[in-house]
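Only one structure is covered here, and it is reproduced in the block below.
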Amino acid sequence: MRFEVRSYSHAVGEFNYHIQLTPAYRREVFENAKVMKLTIAYVTAKIKELRVEIVEIRAGPEHLHIFVANCKNIAPCKLIQQLKGFSSFMMRKNHWNLFRGYLWGDKFWSEGYFCRSIGSTTTEAVEYYIKHSQDKHWVDYEVYQSTLSKFK
């Protein structure tokens, strides 16, 4: 995807963000592929509804990276509030049985988040990071699981 300064009716600029969301208690809910796919689907649906472009979206075992672009009409905190609220509600309402052993109460996401504004000089680097760096989390997780299984 090519990034450049855009001209809007009353603004000129770039509005790109790297967002990281973490499930409550930093639990590894995304080790379940179905939970990961459903969460990504709900987040993606909400992003499209808000008319924001998704550059990349990937999950590690216990976090979700989202790279969005052209977010001129919504503040990052409002965008994140919408994403977390909608996906949490839909996951708990429709798929609670998939992660019941990991989370409890009315929470799906932790209270905090990471968000960084991305300038044109680093957009490719962030896109590359989100696309390729998540594999290391899964390798570490597999090593952790195999080490843990030796003690069972």
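Quote to one decimal, in nm, the extra length available between LYS72 and LEU50 on full extension: 0.36 nm per residue of separation minus the C-alpha distance between them.
Details: separation 22, 0.36 × 22 = 7.92 nm, distance 1.08 nm.
Result: 6.8 nm gained on full extension.
Between TYR128 and LYS93, what FRET efficiency comes out of the Förster formula 1/(1 + (r/R0)^6) with R0 = 30 Å and r the beta carbon distance, rounded to 0.05?
0.25
Fewest first, what order do LYS93, LYS131 take by the number of other Cβ atoms within 10 Å?
LYS93, LYS131
Only the coordinates and a few stated rules stand behind these numbers; no lab work does. Note that the structure is a prediction, hence the values are computed from the model and not measured. Cβ atoms come from the backbone with ideal geometry, glycine included; neighbour counts cover every protein chain shown.
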